[in-house]
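Student: Take this structure first; my questions come after.
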Amino acid sequence: MTLRTAVVTGASSGIGRATAVALRAAGWDVVGVARRADRLADLAEQSGAAVFAADLTDPADVAALASWLDERGPVHALVHIAGGAAGTERIEDGRAQDWEWMFQANVLSAQRVVQALLPQLRAAAAESGHADTVFLTSTAAMTAYPGGAGYNAAKAGESMLVQALRLELNGEPIRVIEVAPGMVHTEEFTLNRLRGDADAADRVYDGVAEPLLAEDVADVIAYAMNTPRHVNLDTIVMRPVAQSAQHLLARGPLRPRGFEG
Ligand SMILES: NC(=O)c1ccc[n+]([C@@H]2O[C@H](COP(=O)([O-])OP(=O)(O)OC[C@H]3O[C@@H](n4cnc5c(N)ncnc54)[C@H](OP(=O)(O)O)[C@@H]3O)[C@@H](O)[C@H]2O)c1
C-alpha cells in the first residue's frame with residue numbers, strides 16, 4: 001500500500017511535533033514544517049519525517065514549500081498547527097506588533113497554506129479517493145477572556161476560515177477537521193506568550209491536575225485522520241478534566257465529593 005503523506009505545520013515543537021511523531025507511528029509519510037531548521041532536523045532524525053523550513057507568514061516561503069512538495073509527490077493531508085499567542089495585555093494596552101503577528105501566524109498563514117496546497121490535496125483526492133485538512137484552533141476561539149482579545153480574535157478568525165472552507169469544499173471528498181483544545185502544557189506556548197518569563201509561565205499551570213499534553217492532542221488528531229474517509233469529525237473540543245470552561249480551572253488534586261480528606 002502506498003503511504004499517505006501529511007504536511008504538518010508547527011512541527012518543530014509542542015503539539016505539531018507530537019502530531020508528526022504520532023502520524024509517523026500510525027504509518028503516515030510526514031513532512032514537518034516550521035521556521036527552526038535545527039529543530040526540524042532533530043524531528044527528522046527521531047521520527048523519519050521529511051522536513052522543510054519555512055516562515056508561513058512569508059508568501060515566498062509558502063510558494064517555495066508548495067513547489068518543493070509538488071516535486072516530491074502527492075499530499076493527502078494538510079495538518080495546520082503552526083500559530084501561537086503574543087502578550088496578555090488588555091485591549092487598551094495592546095501592542096500593535098503582537099496583534100499583527102497573531103493575525104499573521106494564525107489566520108493569514110492558514111489562508112496561505114490552504115491556497116498553496118489545495119491543488120495538491122485535490123490531485124491526491126482524485127487519485128486516492130479523499131484528502132484531509134486539519135486545523136488547530138483553540139477554545140480561545142469560542143470564549144473571550146480578559147487579556148486574551150488579540151489571541152481570541154485571531155483564533156476565532158482562524159476558526160471562521162475553517163468553517164467557511166468546509167462549506168466551500170462541500171461536494172468534494174476533502175474532510176475539514178477543527179481541533180480546539182483548552183489548556184495544553186507545552187514547553188514554549190506560554191513562555192513565548194509571556195515574552196520568556198519562565199516563572200510567570202510556570203504559574204499558569206501551577207497546581208492544575210494534569211493539563212492536556214501535546215501527545216493527547218496529537219492522539220486525537222491522528223484518530224480523526226485515521227477514521228473511515230466518510231467520517232468527518234467536524235469540530236473537536238478537548239480540555240483537561242480540571243478545566244470545565246475557559247474561566248473555571250480547578251487547581252489542586254481532583255477528588256470526588258465526599259472523599260476530600
Ligand atoms: N498550548 C496550548 O495551551 C494551546 C491550546 C490551544 C491551542 N493551541 C494552538 O496549538 C498550536 C501549537 O501550540 P503549541 O502549544 O504546540 O505551541 P508551540 O510549541 O509554541 O508551537 C508553535 C509552532 O508553530 C510554529 N510557528 C510559529 N510561527 C510560525 C511561522 N511564522 N511559520 C512557521 N511556523 C511557525 C513554531 O515553530 P518555529 O518557531 O520553529 O517556526 C512551533 O512549531 C498553536 O496554533 C496554538 O495557538 C495551543
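The values are calculated or read from the model by the stated rules, or taken from the named source; none is laboratory data. Predicted, not measured: the structure shown is a model, and the values here were computed from it. Positions of Cβ are backbone-derived with ideal geometry, glycine not excepted, and every protein chain shown enters the neighbour counts. Accessible surface is based on the protein model in full, side chains and every heavy atom, while ligands, DNA and RNA are left aside. Shrake-Rupley method; radii C 1.70, N 1.55, O 1.52, S 1.80 Å.
Student: In the range 64-83, which residues are surrounded by 20 or more Cβ atoms within 10 Å (Cβ to Cβ) and either within 13 Å of the ligand (Cβ to nearest atom) or not small (Gly, Ala, Ser) (or both)?
Tutor: 65, 69, 74, 75, 76, 78, 79, 80, 81, 82, 83
Student: Pick out the one residue from 123, 116 that is at pLDDT 95 or above, open to solvent by 30 Å² or more (accessible area, probe 1.4 Å), closer than 20 Å to residue 169 by Cβ and hydrophobic (A, V, I, L, M, F, W, C).
Tutor: Residue meeting the stated conditions: 123.
Student: Can you pull out the residues in the range 48-63 that are out of contact with any Asp or Glu (no Cβ under 6 Å at 6 or more places or on another chain), open to solvent by 20 Å² or more (accessible area, probe 1.4 Å) and near the ligand (Cβ under 9 Å from one of its atoms)?
Tutor: Selection gives 53, 57, 58.
Student: May I ask you to verify whether residue 213 is open to solvent by 50 Å² or more (accessible area, probe 1.4 Å) and closer than 30 Å to residue 130 by Cβ?
Tutor: When the stated conditions are applied, residue 213 passes them.
Student: Could I ask something else about it? Please identify the pairs in which a residue from the range 200-213 that is closer than 17 Å to residue 245 by Cβ has its Cβ atom under 6 Å from the Cβ atom of a residue that is of a type in the set (Gly, Ala, Ser), counting only partners at least 6 apart or on another chain.
Tutor: 208/242; 209/242
Student: For the subset of the range 91-114 comprising residues that are out of contact with any helix residue (DSSP H, G or I) (no Cβ under 8 Å at 6 or more places or on another chain) and of a type outside the set (Gly, Ala, Ser), which member is farthest from the ligand (Cβ to nearest atom)?
Tutor: 92
Student: Can you find, within the range 140-152, the residue that is nearest to residue 183 (Cα to Cα) among those that are hydrophobic (A, V, I, L, M, F, W, C) and open to solvent by less than 40 Å² (accessible area, probe 1.4 Å)?
Tutor: 140
Student: Does residue 35 satisfy the condition of being surrounded by 19 or more Cβ atoms within 10 Å (Cβ to Cβ), in contact with a strand residue (DSSP E or B) (Cβ under 9 Å, 6 or more places away or on another chain) and among the charged types (D, E, K, R)?
Tutor: no
Student: Further question: Keeping to the range 195-222, report how many residues are within 12 Å of the ligand (Cβ to nearest atom) and over 17 Å from residue 80 (Cα atoms).
Tutor: So the count comes out to 7.
Student: Identify, from the list 220, 237, 162, the residue that is of a type in the set (A, V, I, L, M) and in contact with a Leu (Cβ under 9 Å, 6 or more places away or on another chain).
Tutor: When all the criteria are applied, what remains is 220.
Student: For the range 162-185, does any single residue satisfy the condition of being surrounded by 21 or more Cβ atoms within 10 Å (Cβ to Cβ) and either in a helix (DSSP H, G or I) or without any contact (Cβ under 8 Å) to a residue 40 or more places away in the chain (or both)?
Tutor: yes
Student: Does the range 233-240 contain at least one residue that is away from the ligand (no atom under 16 Å from the Cβ) and farther than 19 Å from residue 144 by Cβ?
Tutor: Yes, because at least one residue in the range 233-240 is away from the ligand (no atom under 16 Å from the Cβ) and farther than 19 Å from residue 144 by Cβ.
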